[in-house]
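This report refers to the structure that appears directly beneath it.
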Amino acid sequence: MATDAPPPPKSPTQLPSTEEFVTVQESAEFGELRRSHRSFAFPLTVGFIAWYLLYVLLSNYAGDFMGTKVVGNINVALVLGLAQFLTTFLIAWWYSRHAAAQLDPKADAIKSRMEGGA
């Protein structure tokens, strides 16, 4: 008699099989997790690289502009250079919030099922 009971929990030393990994990878839930990650990470990566390359190009080809004094001995180059650091930290903070709210719950659900949980 066939039942729809969940499989027994795996022992801590028993790893999921290759077929189980492939099944999860092909599932709609995993596809949504991957889409959620990529739709956040790829645009931010492209944007940050463009912002960084702009800074490099301005430093190389717009020396007069970059040397413009803003306040005292602080020039545009220093302000934009420090903005690079600020942007890096903001993106990391934003990603950690996105991951905690959007990615981690989905990943935890998949992990729980792969480990034989509920």
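Every listed requirement among (1) at pLDDT 95 or above; (2) closer than 30 Å to Q14 by Cβ is met by G31 save one, (1).
Would you confirm whether any residue within segment 102-113 is exposed (fewer than 10 other Cβ atoms within 10 Å of the Cβ) and either within 30 Å of E19 (Cβ to Cβ) or without any contact (Cβ under 8 Å) to a residue 40 or more places away in the chain (or both)? No; the residues of segment 102-113 include none that is exposed (fewer than 10 other Cβ atoms within 10 Å of the Cβ) and either within 30 Å of E19 (Cβ to Cβ) or without any contact (Cβ under 8 Å) to a residue 40 or more places away in the chain (or both).
Among the residues of segment 69-88, those that are outside any helix (DSSP H, G or I) and not aliphatic (A, V, I, L, M) comprise K69, G72, N73, N75.
Among residues belonging to segment 68-98 that are surrounded by 15 or more Cβ atoms within 10 Å (Cβ to Cβ) and in contact (Cβ under 8 Å) with a residue 40 or more places away in the chain, point out the one that is farthest from H37 (Cα to Cα). Here the answer is I91.
For segment 49-67, the set of residues classified as surrounded by 12 or more Cβ atoms within 10 Å (Cβ to Cβ), over 13 Å from T87 (Cβ atoms) and aromatic (F, W, Y) consists of F65 only. Of all the listed residues (I110, I91), the sole one being touching a Phe, Trp or Tyr at 6+ places or on another chain (Cβ under 9 Å), under 24 Å from G47 (Cβ atoms), aliphatic (A, V, I, L, M) and in a helix (DSSP H, G or I) is I91.
The values are calculated or read from the model by the stated rules, or taken from the named source; none is laboratory data. Keep in mind it's a predicted model, so treat the numbers as computed, not measured. Neighbour counts are summed over all protein chains in view; Cβ atoms, including those assigned to glycine, are modelled from backbone coordinates with ideal geometry.
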